[in-house]
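What follows is a set of notes on a single structure, which appears directly below.
Every number here is computed from the coordinates shown, using simple stated rules; none is lab data. The structure presented is a predicted model; accordingly, all values stated were derived computationally and were not measured. Cβ sites come from the backbone with ideal geometry, for glycine too, and all protein chains shown count toward neighbours.
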Amino acid sequence: PADPAVDQSVAAAIDFEPMPEVRAAMVRTLAARGATGAREAVAERARDTREALEVRVAAVQALGELCDRGEVQLLTDLALRGRAPLSEADRKLAIAALGSLARVAPDDLATRLAPLAAEGVPPDVRDTASRAQKAKERCR
């Protein structure tokens with residue numbers, strides 16, 4: 001269960017942890033605890049282009065688990081990078097963002113994801129976008 005003091009301590013400690021796999025585990029722990037007070041720290045990890053990919057992916061997934069509606073545009077931007085990913089990182093972040101968008105379920109989800117139904121979008125991204133629109137597990 002969430003404990004704001006513990007959650008803030010974990011969130012603050014992420015900045016001092018040198019190992020990416022441990023930072024990713026810390027982010028996943030915050031999500032599992034339902035640490036809504038740590039949303040900003042999690043979002044910072046998702047936005048940080050210098051952060052290790054596994055940490056960014058964990059943070060993007062955590063935003064969905066924490067039902068962070070304030071980061072819908074970030075999630076959309078990351079998802080849309082899947083249209084023509086320039087790297088494996090773009091593809092992994094796009095797929096993670098699609099999962100989080102499915103969970104957060106903004107009212108305009110279909111409009112946000114429409115560009116991912118186009119021809120030329122990698123099949124795994126297109127299929128994930130389609131499943132995101134049909135997902136049953138949503139934030140309340």
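Filter segment 18-28 for residues that are among the β-branched types (Val, Ile, Thr) and buried (at least 17 other Cβ atoms within 10 Å of the Cβ) and give the result.
At the first step, the residues of segment 18-28 found to be among the β-branched types (Val, Ile, Thr) are 22, 27.
Passing the criteria: only Val27.
With respect to the conditions (1) closer than 25 Å to Leu113 by Cβ; (2) assigned to a loop (DSSP other than H, G, I, E, B), Ala59 lacks only one, and its number is (2).
Scan segment 106-137 residue by residue and report those that are among the small types (Gly, Ala, Ser) and crowded, with 21+ Cβ neighbours inside 10 Å.
Step one: filter segment 106-137 for residues among the small types (Gly, Ala, Ser), giving 110, 114, 117-118, 120, 129-130, 132, 135.
Once the filter is applied, which keeps residues that are among the small types (Gly, Ala, Ser) and crowded, with 21+ Cβ neighbours inside 10 Å, segment 106-137 yields Ala129, Ala132.
Among the residues making up segment 65-88, those that are assigned to a helix (DSSP H, G or I), of a type outside the set (Asp, Glu) and without any contact (Cβ under 8 Å) to a residue 60 or more places away in the chain are Gly70, Val72, Gln73, Leu74, Leu75, Thr76, Leu78, Ala79, Leu80, Arg81, Gly82, Arg83. Checking every residue in segment 35-43 against the condition of being over 27 Å from Pro4 (Cβ atoms) and either polar (S, T, N, Q) or crowded, with 24+ Cβ neighbours inside 10 Å (or both) gives zero matches.
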